[in-house]
Amino acid sequence: MKFKGTAHRYGRDIDTDVIIPARYLTTSDPAELAKHALEDLDDTFAGRVQQGDIIVAEENFGCGSSREHAPIAIKAAGVDAVIAKSFARIFYRNAINTGLAIMECPEAVDAISQGDVVSVDADAGIITDETTGETFQAQPFPPFIREIIEAGGLINRTRAVLGNEVSA
């Protein structure tokens with residue numbers, strides 16, 4: 001899996017209430033959630049993010065409530081991957097389950113600036129800041145997690161394994 005996009009930088013302890021505010025949890029429609037992704041932190045995010053972009057954040061990204069709406073909103077907004085120094089455990093699992101690629105790499109986070117173009121080779125665990133030319137090594141995804149992300153999430157992967165039609 002390879003991703004390439006513009007970096008959107010955020011700080012530490014970005015909780016799920018900031019990723020998708022609770023007032024929007026009356027819907028599970030990914031497109032509607034995407035319109036409000038990160039709006040209480042950065043009201044310009046939904047208007048700036050482009051398909052394939054990458055979020056870069058400090059420690060404890062996704063802390064707070066265990067809502068799968070948070071990674072769904074980010075992914076539906078166009079983000080292909082999140083690179084952080086660390087993730088809250090429940091967010092980490094929810095991201096994988098919904099097909100959002102996430103990688104821990106403190107060195108990359110320290111070096112990547114807002115607006116840099118970043119490429120990710122998730123199979124090799126290589127993160128490259130295309131703007132500066134710096135390359136960083138993260139832990140690549142094990143094959144079973146890669147399969148879940150490539151399928152678009154755990155439900156789609158399970159359907160594929162069981163031989164049922166995979167829905168989008």
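Bear in mind that the values in this text are calculations on the coordinates, not laboratory data. Since the structure is predicted, the reported quantities are computational estimates derived from the model, not experimental observations. Counting neighbours? That spans all protein chains shown, and the Cβs are built from the backbone with ideal geometry, glycine included.
Details
- 3J(HN,Hα) from dihedral phi, the stretch 115-124, Karplus parametrisation 6.51/-1.76/1.60, rounded to Hz, x for glycine, proline: x, 5, 8, 10, 10, 10, 10, 5, 5, 9
- For the chain, the share of DSSP beta bridges that are antiparallel, to the nearest 5, is 45%.
- Under 5 Å between amide hydrogens, built in the peptide plane, is the criterion, and for ALA57 it picks out TYR10, ILE83, ALA84, LYS85 among residues at least 5 positions away or on other chains.
- Label-point separation in nm, MET1 to ARG93, each point 7 Å along Cα→Cβ: 1.8 nm
- For the chain, a crude dipole built from +1 on the beta carbon of Lys and Arg and -1 on the beta carbon of Asp and Glu, taken about the Cα centre, is about 520 debye to the nearest 20.
- Inter-centroid distance (Cα atoms) of the stretch 88-141 relative to the stretch 1-70, Å: 15 Å
- Rg(Cα) / (2.2 N^0.38 Å) computed for the chain, rounded to two decimals: 0.97
- Between the amide H of ILE102 and those of VAL82, distances stay under 5 Å, these residues lying 5 or more places away or on another chain, with hydrogens modeled in the peptide plane.
- Over the chain: helical MRE at 222 nm, DSSP H runs n ≥ 4 each giving -39500 (n - 2.57), nearest 500: -8500 deg cm²/dmol
- Applying the Karplus relation 6.51 cos²θ - 1.76 cosθ + 1.60 with θ = phi - 60° to the stretch 40-57 yields 3J(HN,Hα) values of 7, 9, 8, 5, 9, 4, 4, x, 9, 5, 10, 3, x, 5, 10, 8, 10, 9 Hz, where x marks Gly and Pro.
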